[in-house]
Amino acid sequence: MVPLARRFSGYSPDTLSWLAFATAVSAGFLFWAAGAWSYHILLLVMLAIFLSAGFDALDGWVARLTGRVSRRGDFLDHVLDRYADAFIIGGIAFSAFCHLWVGLLGLLGVLFTSYMGTQAQALGLRRDYGGILGRADRMAMLFFVPFFQWLWTAITHDLAVVTFTAGDVRYGITVLEMLVIWFAVAGNATALQRALRSWRELSEGMGTKASADGASAPVPTEEPSTPAPAQASTPVPMPIPEPVPASAEGGSEGPHR
């Protein structure tokens, strides 16, 4: 990534963050369009996801390479990432490839995964990227799975991979809907993993509380001991200073302060 980051070093990291967000929004729209108009648009989805993931990785590399790392940039990156997730998963949820309620469960799993990671940092712990479903994993799946959906539809001329029939009701599950179901299950499992890990660290006294100026201070795990009272000491008389003649340097009378 370093050679590529050098090529983009003339761009602001914030600009790259916005480009990552814009391409994520376009990916969400293209997911919907592929279900509404033509499944061949899924190939454009892959391009949009690739560009979004690339710009999202580049903003941090460029910031470190050019010495422009800042808390404001980190905040902007995380805010745009959450909206990007919402637009991408929302695009699938509202498309013909997925049932809406399944898409909403998948979106909840994705958002809670990210929330638990940043909430740990807000409490003074390390930002938690662990678990079975991180953002890099999601973006990789969102890049490859549309191809398999496109390939299946091109061969069978049907969106659904598995079909259930109950009476007159036909319920089909597509490749993309399977992905969203995985996001719902693995995302919430990852959020739970991160929550339990943070809870354990806080119970061990590793938490910190934010001070007034935004810095972090350790939270005491036990009551501070009462300091021993100071012993009375005999006052020491202060020597009386001798009169000082007028200084030749300053020209003033009395002792200098």
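The values are calculated or read from the model by the stated rules, or taken from the named source; none is laboratory data. Please read all numbers here as calculations on a predicted model, not as lab measurements. With ideal geometry, Cβ positions are generated from the backbone for all residues, glycine too; neighbour counts draw on all protein chains shown.
What the table below lists for this structure:
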read-out	value
The stretch 1-59, residues that are β-branched (V, I, T) and over 30 Å from W152 (Cβ atoms)	V2, T15
Residues of the stretch 86-106 classified as free of Cβ contacts under 8 Å to residues at least 60 places away in the same chain and not aromatic (F, W, Y), total	3
Residue within the stretch 6-23 that is closer than 21 Å to L107 by Cβ, β-branched (V, I, T), over 22 Å from the mean Cα position of the chain (by Cα) and part of a helix (DSSP H, G or I) present	no
Members of the stretch 142-195 found to be at positive phi and modelled with pLDDT of 90 or more, listed by number	H157
Hits in the stretch 72-94 - residues which are at pLDDT below 95 and in a loop (DSSP other than H, G, I, E, B)	none
Some residue of the stretch 95-109 being more than 16 Å from I49 (Cβ to Cβ), modelled with pLDDT under 95, touching a Phe, Trp or Tyr at 6+ places or on another chain (Cβ under 6 Å) and not in a loop (DSSP other than H, G, I, E, B)	yes
Filter result (aromatic (F, W, Y) and either over 20 Å from M139 (Cα atoms) or under 17 Å from the mean Cα position of the chain (by Cα) (or both)) within the stretch 43-83	F55, W61, F75, Y83
